[in-house]
Amino acid sequence: MNRILTNFDQDRFGGITFLAIVNAVALVITLLFWGIVFFRRLVPFPGELISLADRANSAVTYGFMIGDMFYSAPLLFLAWLGLWRLKSWGWMAAQMVNALWIYSMTVVLLRDAYTVMSPGGLLFIPFTLVAVWAIPYLWINRGMFGITR
């Protein structure tokens, strides 16, 4: 079935579509990852541990989980939807998500460099690499979202 592409469809092809899909996949993976960590109790709660170092490590893990649920997941949803629809708020959400990927993975990778590579570190590295590429790409293409300055 042949379908005539609208300007909307043509504009969304390429990097913007790729980024929208990456944000949707990242949202699903983030929710699944933290759901498994929490409901399977892969990391004990900080109050259950005796060693101060173990309690601190557990608290950092749960801190990342809470941050991802309150900040990253909603922003990933907005980035996915807004990029798909070429909305300026989607562009902003995507840029915010990109900054969060770089920030949080810097912390995780530095921690892992002094211990062992964590499953989350390995799982989320590809999204960080995309974020490094996406920041200048979105800036260059901000006009597609009605952003002129």
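The values are calculated or read from the model by the stated rules, or taken from the named source; none is laboratory data. Just so you know, these numbers come straight off a predicted model, no measurement behind them. Ideal geometry is used to build each Cβ from the backbone, glycine not excepted, and the neighbour counts take in all protein chains shown. Accessible surface areas use protein heavy atoms only, side chains included; no ligands, DNA or RNA. Shrake-Rupley method; radii C 1.70, N 1.55, O 1.52, S 1.80 Å.
For the range 111-129, taking the residues that are aliphatic (A, V, I, L, M), open to solvent by 80 Å² or more (accessible area, probe 1.4 Å) and in a helix (DSSP H, G or I), the one that is modelled with the highest pLDDT is identified as L129. Taking every residue in the range 76-99 that is touching a residue at least 12 places away in the same chain (Cβ under 8 Å) and within 16 Å of Y137 (Cα to Cα) and pairing it with any residue that is outside any helix (DSSP H, G or I) and of a type in the set (V, I, T), at least 6 positions away or on another chain, the pairs with Cβ-Cβ distances below 8 Å are S88/I147; W91/I147. For the residues V132, V97, V108, the requirement of being of a type outside the set (F, W, Y), in contact with a helix residue (DSSP H, G or I) (Cβ under 8 Å, 6 or more places away or on another chain), within 18 Å of W34 (Cβ to Cβ) and modelled with pLDDT of 95 or more singles out V97. Taken over the range 34-47, the criterion of being open to solvent by 40 Å² or more (accessible area, probe 1.4 Å), of a type in the set (F, W, Y) and in a helix (DSSP H, G or I) is satisfied by F38, F39. Only one of the listed residues (M65, M69) is among the hydrophobic types (A, V, I, L, M, F, W, C), at pLDDT 95 or above, surrounded by fewer than 17 Cβ atoms within 10 Å (Cβ to Cβ) and in contact with a Phe, Trp or Tyr (Cβ under 7 Å, 6 or more places away or on another chain). That residue is M69. Name the residue that is surrounded by the fewest Cβ atoms within 10 Å (Cβ to Cβ), counting only residues in the range 140-149 that are on the phi < 0 side of the Ramachandran plot and either in contact with a Cys (Cβ under 6 Å, 6 or more places away or on another chain) or in contact (Cβ under 8 Å) with a residue 40 or more places away in the chain (or both). Among them, the one singled out is I147.
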